[in-house]
Amino acid sequence: MLFSGKGERNALVLILLIGLALRLAVAMLAPAWAGPDEPGHYAYIGYIAENGEIPYPSESEKGLLDVALFNPPLYHVIGAGFYAVSSCVYWLRLEAVLFSIACIVLTFLVAKEFTGNKFITLGAAAFIALLPTHVVLGATINNEAAAYAFALLSILFMLKGAKGGFGTGNVLLAGLFFGLAFATRFNAVILGLPFLAVLFYFFRGDLR
């Protein structure tokens with residue numbers, strides 16, 4: 001059961017609305033290029049949108065070079081769809097806003113897998129919604145929020161498997177979202193450790 005009561009659902013909706021308002025305010029009011037590596041991420045997205053391929057920048061394109069070398073392209077490929085509508089910096093920030101709001105919901109769901117205590121689940125969601133770092137990263141052009149969202153989805157299905165048995169569906173979904181997280185940010189590789197444990201128990205069939 002997703003919600004234990006109407007009050008919990010209403011509280012989560014309120015948290016989401018506050019989180020959305022904060023992120024939209026930053027996205028609309030923060031000057032262009034105010035986010036971490038925002039010019040490089042913007043150039044990365046624009047290159048894919050305009051050329052239909054992953055960039056291989058030269059040394060002279062330092063901003064794009066720094067981002068392209070150390071960031072896999074999934075977030076930027078998705079961003080190319082936004083760029084096709086408008087190349088405005090403030091519009092492109094919407095992608096991160098959407099992923100960041102998804103993180104709030106997913107944090108709630110992951111916490112709910114750990115405990116049925118509504119104060120803990122809502123508290124975890126509120127923490128992510130109000131955390132200043134997450135607000136900024138979720139309101140500027142960068143791939144942090146997208147990586148977190150995919151990672152949380154992978155963790156969610158790992159936890160569901162741990163509680164209900166590692167059926168094929170949970171294992172495949174945990175692996176899929178682990179792959180998407182890694183295709184968004186290389187540091188998501190850390191999820192490979194728990195996922196290897198999932199695979200071990202799945203193929204051994206020893207988890208009860």
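Just for the stretch 124-143: of the residues that are in contact (Cβ under 8 Å) with a residue 60 or more places away in the chain and in a helix (DSSP H, G or I), which one is surrounded by the fewest Cβ atoms within 10 Å (Cβ to Cβ)? In this case the residue turns out to be LEU130. From the list PHE99, PHE150, the lone residue that is crowded, with 17+ Cβ neighbours inside 10 Å, at pLDDT 95 or above and outside the structural domain of LEU14 (by TED's automatic domain parsing) is PHE150. Might you check whether a residue that is assigned to a helix (DSSP H, G or I) and among the aromatic types (Phe, Trp, Tyr) occurs anywhere in the stretch 50-65? Among the residues of the stretch 50-65, not one is assigned to a helix (DSSP H, G or I) and among the aromatic types (Phe, Trp, Tyr), which makes the answer no.
Report, by residue number, each residue of the stretch 102-117 that is farther than 18 Å from GLY161 by Cβ and either among the hydrophobic types (A, V, I, L, M, F, W, C) or surrounded by fewer than 21 Cβ atoms within 10 Å (Cβ to Cβ) (or both). ALA102, CYS103, ILE104, VAL105, PHE108, GLY116, ASN117 - these are the residues of the stretch 102-117 that are farther than 18 Å from GLY161 by Cβ and either among the hydrophobic types (A, V, I, L, M, F, W, C) or surrounded by fewer than 21 Cβ atoms within 10 Å (Cβ to Cβ) (or both). Take LEU92 and tell me if it is under 20 Å from the mean Cα position of the chain (by Cα), surrounded by 15 or more Cβ atoms within 10 Å (Cβ to Cβ), modelled with pLDDT of 90 or more and farther than 22 Å from PHE177 by Cα. Judged against the criteria, LEU92 is a match. Against the definition (touching a Ser or Thr at 6+ places or on another chain (Cβ under 8 Å), farther than 13 Å from LEU20 by Cα and either in a helix (DSSP H, G or I) or of a type outside the set (Phe, Trp, Tyr) (or both)), how does THR107 come out, yes or no? No. Would you check if there is a residue in the stretch 29-38 being at pLDDT 95 or above, within 24 Å of VAL135 (Cβ to Cβ), more than 19 Å from the chain's Cα centre (by Cα) and in a helix (DSSP H, G or I)? So far as the stretch 29-38 goes, yes, one or more of its residues are at pLDDT 95 or above, within 24 Å of VAL135 (Cβ to Cβ), more than 19 Å from the chain's Cα centre (by Cα) and in a helix (DSSP H, G or I).
What about GLY169, is it of a type outside the set (A, V, I, L, M), surrounded by 14 or more Cβ atoms within 10 Å (Cβ to Cβ) and either in a helix (DSSP H, G or I) or not assigned by TED's automatic domain parsing to the domain that holds LEU69 (or both)? No. For the stretch 63-79, the candidate set comprises residues that are surrounded by fewer than 20 Cβ atoms within 10 Å (Cβ to Cβ) and at pLDDT 95 or above; within that set, the residue that is farthest from ALA146 (Cα to Cα) is VAL77.
Name the residue that is nearest to ALA68 (Cα to Cα), counting only residues in the stretch 172-190 that are of a type outside the set (A, V, I, L, M, F, W, C) and in a helix (DSSP H, G or I). Here the answer is ASN187. Close Cβ contacts (under 9 Å, 6 or more residues apart or on different chains) running from residues in the stretch 36-50 that are in the same structural domain as LEU64 (by TED's automatic domain parsing) and without any contact (Cβ under 8 Å) to a residue 24 or more places away in the chain to residues that are surrounded by fewer than 19 Cβ atoms within 10 Å (Cβ to Cβ) and β-branched (Val, Ile, Thr) comprise TYR47/ILE54. All told, THR121 falls short of being closer than 30 Å to ILE45 by Cα and either in a loop (DSSP other than H, G, I, E, B) or among the polar types (S, T, N, Q) (or both).
The values are calculated or read from the model by the stated rules, or taken from the named source; none is laboratory data. This structure is a prediction, so every number in the text was calculated from the model and none was measured. Reconstructed Cβ throughout: ideal geometry from the backbone, glycine too, with neighbour counts over all protein chains shown.
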